[in-house]
1. Write down, largest first, the equivalent ellipsoid semi-axes of segment 400-513 in whole Å, where each equals the square root of 5 times an eigenvalue of the alpha-carbon gyration tensor.
2. If you take the alpha carbon radius of gyration of segment 396-435 and divide it by 2.2 N^0.38 Å, what ratio comes out, to two decimals?
3. How many times 2.2 N^0.38 Å is the alpha carbon radius of gyration of segment 17-84?
4. Which FRET efficiency value, to the nearest 0.05, do you get for residue 250 and residue 216 by plugging their Cβ-Cβ distance into 1/(1 + (r/R0)^6) with R0 = 41 Å?
5. Just the Cα atoms of the chain: what Rg and Dmax do they give in Å?
6. Would you please give the residues with an amide H less than 5 Å from that of residue 385, counting only those at least 5 places away or on a separate chain, with H modeled from the backbone geometry?
7. Any idea what % of Cα-Cα pairs in segment 146-189 are farther than 16 Å?
8. Counting residues in segment 171-212 as N, plug N into 2.2 N^0.38 Å and put the Cα Rg over that result.
Amino acid sequence: MTAPETQARKTPKRVRAWRPWLLRLVAAAASGGVFYLSFAPRPLWWLAPLGFAGFGFVLRGRRFWGGLGYGFVFGLGMYVPLLFWVQDFLGRDFGPAPWLALSAALALYLGIGGALCTVVARLRGAPVWMALVIMATETPRSWFPLGGFPWGRVAFSQPDGAFVPLASIGGAPLVGFVVVLTGFSLTALLVRLRQRAWRPLIAPAAAIVVPVVAGLALWPTIGTSAQTGSLTVGTVQGNAPDIGIRLMQQSAEIAANHLAQNARLAEQIRTGAVPKPDLVVWPESAMELTDGGDPRIGQAVAQIGVPALIGALRWSGADSHPQNTETVWDPKTGPGQRYAKQQLVPFGEFIPARAIATWFTPFVSDTYDMRPGNSPAVLDVAGTRVTTPICYEIAYDYVSREGIDDGAQLIVLPTNNAWFGHGEMTYQQLAMARFRAVEHSRAVVVSATSGVSALVAPDGTIMQSTSQYTAASLVGRVPLRQTTTLSDRLGAWTEYGLVGAALVAVLIGYVRIGRTRRTSAKYEAETVAG
């Protein structure tokens, strides 16, 4: 055979060697992009299972390291666009490195999930075990490193979907599980249809249909009526300049804006344009407070004449570590109970490894570390017990759950999203608030510095909302409820159960792989000996 003929025969083999790898890589990134599109502000909840269906095709026949790589690319396809608001926050001075590094760190969890999916993929009922593995990666991501970052959990893509009623049964872990299960089951169904394996269609078809039917069947059980009365609530959205991280130097302007908006709300109430509320809610860090207080707040609360929840950065004595607080303020007796944020934002509210961080940016030297609180987010105000997760805390299951377990009849979410521009961050957070409403069967009052503020019904419906970067107020009546959902009664046990089942599945998968290898080695040895 001549040299040209030999080259001609080799070339197609090389093409076939790299082309499937590249196609799978593109498919993994595209599937992650489809999953991203299921998140707010788009109501395209049904894209989430389609994204995981595409991911399931990519994982077919892969081994551990291939699953790790494709899972990581799938995660990048989702997290890079989902977290673009990090770049809006930091601006050009920092460049894209922090945004991309955070996206890559979170994508690595999905990479690990993809790798472990290949271990359980050959077990009977593989879509179930693969879905459990993916959900198990959300647990460590919620606490490690640096307190975790649960943004982008599967369940948070579902506030408008058929699956969201299941939140009242098992919270975010259960909803996320059925979404991923539906996606992987769709992969199995399509594979079997292509293979014309008709009898095995029943299991994957059932795994697709049953969660949707169960969710829809639960809708009538999601109560929205008042059980312990109702409350007329007003919000104060004073607005802030859209300047990203430089907002740190604008506390005086933010305070002035909220005092001015409070005065406008008081005038609207005086003229009868809006009803007088029973409670007024100010957003996160609208003011700064010292132990001596601020007479302007007392005057503002007295203008309306009803109790208020005031979001403030609170400095105590000579302590250089302030707390991010929400304080009950009575028009007659002044400040009372307060809650200090427990779950602080790394690199936003505290700087881990500060000495090392200064090597990368001089910005660190101009910041301070906040001090976390250590008490549940529960306050008594206007004759009502409320739970008040602050901003980022709405992403953590335990904060709202502890408040509900302590008798809260209403969820109040003060937040400051002015740092993050006109991007999707505030809508992503609102989606979490809507999800929590269904999970706990409580109305939610979202009070934001620059929007979006909203009044959310216990079924996740938005009753009223504001626009971004406007000074505005909402006044509306919300139901007070005392129902304890099954999700609240089960607490974290739903999550622990799913994680435990995933670990058992992985262990069985490894045992099976070991047996297969030993059997194969024995067969080869016997063949050689024969």
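Values quoted throughout were computed directly from the atomic coordinates according to the rules given, and no laboratory measurement underlies them. Not measured: the values here are computed from a predicted model. We place every Cβ from the backbone using ideal geometry, glycine too, and count neighbours over all the protein chains shown.
1. On the way: eigenvalues 236, 81, 19 Å².
Values for segment 400-513, descending: 34, 20, 10 Å.
2. Numbers: Rg = 12.3 Å, N = 40, 2.2 N^0.38 = 8.9 Å.
Ratio of Cα Rg to 2.2 N^0.38 Å: 1.37.
3. Values: Rg = 12.1 Å, N = 68, 2.2 N^0.38 = 10.9 Å.
Scaled against compact globular proteins, the figure is 1.10.
4. Numbers: r = 47 Å, r/R0 = 1.14.
With a Förster radius of 41 Å, E is 0.30.
5. My reading of the Cα-based Rg and Dmax gives 26.1, 100 Å.
6. So residue 385 has HN proximity to 409.
7. On the way: 378 of 946 pairs.
Cα-Cα pairs of segment 146-189 separated by over 16 Å account for 40 percent.
8. Values: Rg = 11.1 Å, N = 42, 2.2 N^0.38 = 9.1 Å.
That works out to 1.22 for segment 171-212.
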